[in-house]
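The values are calculated or read from the model by the stated rules, or taken from the named source; none is laboratory data. Note that the structure is predicted; figures quoted are calculated from it, not measured. Note: ideal-geometry Cβ built from the backbone for every residue, glycine included; neighbour counts use all protein chains shown. Keep in mind that these areas ignore ligands, DNA and RNA; they rest on the heavy atoms of the full protein, side chains included. Shrake-Rupley method; radii C 1.70, N 1.55, O 1.52, S 1.80 Å.
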Amino acid sequence: MAKSSTKDDFTLTDNSTGKSYTLPALTGSMGNRLVDISKLYPQTGILTYDPGFSSTAACKSDITYIDGNKGVLMHRGYPIDQLAKHSDYIEVCYLLLYGQLPTPEQKEQFDTDIKHHTLLHEQLIRFYSGFMRSAHPMAVMVGVVGALSAFYHDKMDITDPNEQRVAAHRIIAKMPTIGAYAYKYSLGMPFPMPRNKYTYAENLLHLMFSNPAEDYDINPVLAKAINLLLILHADHEQNASTSTVRLAGSSGANPYACVASGIASLWGPAHGGANEAVLKMLGQIGTSRNIPKFIKKAQDPDDSFRLMGFGHRVYKSYDPRATVLRESCHEVLNVLGINDPQLELAMELEQIALKDAYFIEKKLYPNVDFYSGIIMSALGFPTSMFTVMFAIGRSVGWISHWKEMLMDDHHRIGRPRQLYLGETERKFNPMDKRGHTEKKTSWSWLWGGGR
Ligand code: SDX
């Protein structure tokens, strides 16, 4: 507990004992005040309870700041709309990893470093043939990125800053190749080689859509849209997948295995899988006539249906990324001459939802996933590749947080506690004393469905 309490500190009073404890206050360079409970348990035996960590800061970080009430998102102090407008993904990667926007020379060197890690080991490429062609590309991503740890492990000293740098560069460089190869594999098409003459976004287009039998011309509109999507997905402070990477990395695990754990977490429809779920939902809604029915379904506590692409743990106002993406949707579709009825439907759904009392009361606004799928669909990505694109963009955020955690001299293995509601101690019952359950056709008895 704080030695001499100051006016900013907090006092916790245990009414069952009348004892009071002073808990130090913490304030960051921006954002909410925090109460430091790190000494609470060792000194009082009291644990705290916060399922989903809605009110809990798990670490200190300099990388990204979000103000959910004001719809603010900044990377190293630069607002996301500025980065989206003036930067490119490689520059944002440098910023997230090293804390500053690069000089021209630093950017050129960084870009060259990344380009020299885009190839995959020929034996890693053999992993693809173990998957069914119909495998979801996120399952392939988890497997192949995890397998990278088998190629870069024995000599790795993750405490060495140079090893951390090389691992970060490899992840950023190889994710587009790994993701695009999952798509090519699903089509039974050959794997194109990355081309160093292209920018990061151009290379991703080439890897995804080039055909070895023909020349492939990069469409600058598509490259610009890809660049924007990658920037908007690059990092988002302690979201579920980044927290997963941090927790996995806190034990000293291999960084490629940690990133694979982040990919697994991102895949969920409540997180990065929502972009795929939005397109499926728009397909389910079909026409604007059905919108009121689905808005009602989304509010029914007995109906598991949720308006995918709406709501956010932190944003209780507009997700600034959704604003940028909505504008980009129009630009991309106009330039490509695509009249996508799903965009019209999404816009109408957004308008109706934002005027609905339930969504206003719950502060549910469109998030990054609401429009991203429409753009990716216009760019030619199949729905199953939407979350792969999210993972490619987010890889720099994951590895930047992994690196920041390791550089924190006070970092410890993450090990949350629990509120135990199970059986109290009971005597072991030998088999011949346990009685019998009547024969059941189903296995329900295994989960307590029997007597
Ligand atoms: C991402 O954390 C990040 O930063 C994530 C992310 C990133 O960049 O890493 O921003 C990316 O994951 C964006 C979110 C994508 N997911 C979706 O669009 C799926 C739909 N949204 C929800 O499932 C939900 O809003 C979450 C998961 C995003 C947030 O869930 P919370 O914070 O746990 O909120 P909650 O589920 O407790 O909801 C609060 C209330 C509930 O009602 P009550 O229980 O209070 O009565 O709002 C309701 C929910 O039922 N609600 C919704 C809703 N989202 C929340 N009701 C209808 N439709 C929705 N979409």
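Below is a table of values for the structure above.
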{"read-out": "Where a residue in the range 52-73 is under 20 Å from Asp408 (Cβ atoms) and among the hydroxyl-bearing types (Ser, Thr, Tyr) and its partner, wherever it lies, is part of a loop (DSSP other than H, G, I, E, B) and away from the ligand (no atom under 13 Å from the Cβ), with Cβ under 8 Å and at least six apart", "value": "Thr56/Thr48; Thr64/Arg76; Tyr65/Met30; Tyr65/Gly31; Tyr65/Gly77"}
{"read-out": "Members of the range 38-59 that are over 27 Å from the mean Cα position of the chain (by Cα) and surrounded by 11 or more Cβ atoms within 10 Å (Cβ to Cβ)", "value": "Lys39, Leu40, Tyr41, Thr44, Ile46, Leu47"}
{"read-out": "Filtered residues of the range 270-298 (kept if near the ligand (Cβ under 10 Å from one of its atoms), in contact with a helix residue (DSSP H, G or I) (Cβ under 7 Å, 6 or more places away or on another chain) and under 19 Å from Pro382 (Cα atoms))", "value": "His271, Gly272, Gly273, Ala274, Asn275, Val278"}
{"read-out": "Selected residue (criterion: farthest from the chain's Cα centre (by Cα)) from residues of the range 386-413 that are within 24 Å of Val144 (Cβ to Cβ) and open to solvent by 20 Å² or more (accessible area, probe 1.4 Å)", "value": "Leu406"}
{"read-out": "Residue that is touching an Asp or Glu at 6+ places or on another chain (Cβ under 6 Å) and either in contact (Cβ under 8 Å) with a residue 60 or more places away in the chain or in a loop (DSSP other than H, G, I, E, B) (or both), where the choices are Ile226, Ile231, Ile218", "value": "Ile218"}
{"read-out": "Matching entry among Val335, Val314 (being surrounded by fewer than 22 Cβ atoms within 10 Å (Cβ to Cβ) and in contact with a strand residue (DSSP E or B) (Cβ under 9 Å, 6 or more places away or on another chain))", "value": "Val314"}
{"read-out": "Strands (runs of 3 or more DSSP E) fully within the range 1-116 counting 2 or more residues that are within 16 Å of the ligand (Cβ to nearest atom) and under 30 Å from Ile231 (Cβ atoms)", "value": "64-67, 72-75"}
{"read-out": "Single condition Cys258 does not satisfy, out of (1) open to solvent by less than 30 Å² (accessible area, probe 1.4 Å); (2) within 11 Å of the ligand (Cβ to nearest atom)", "value": "(2)"}
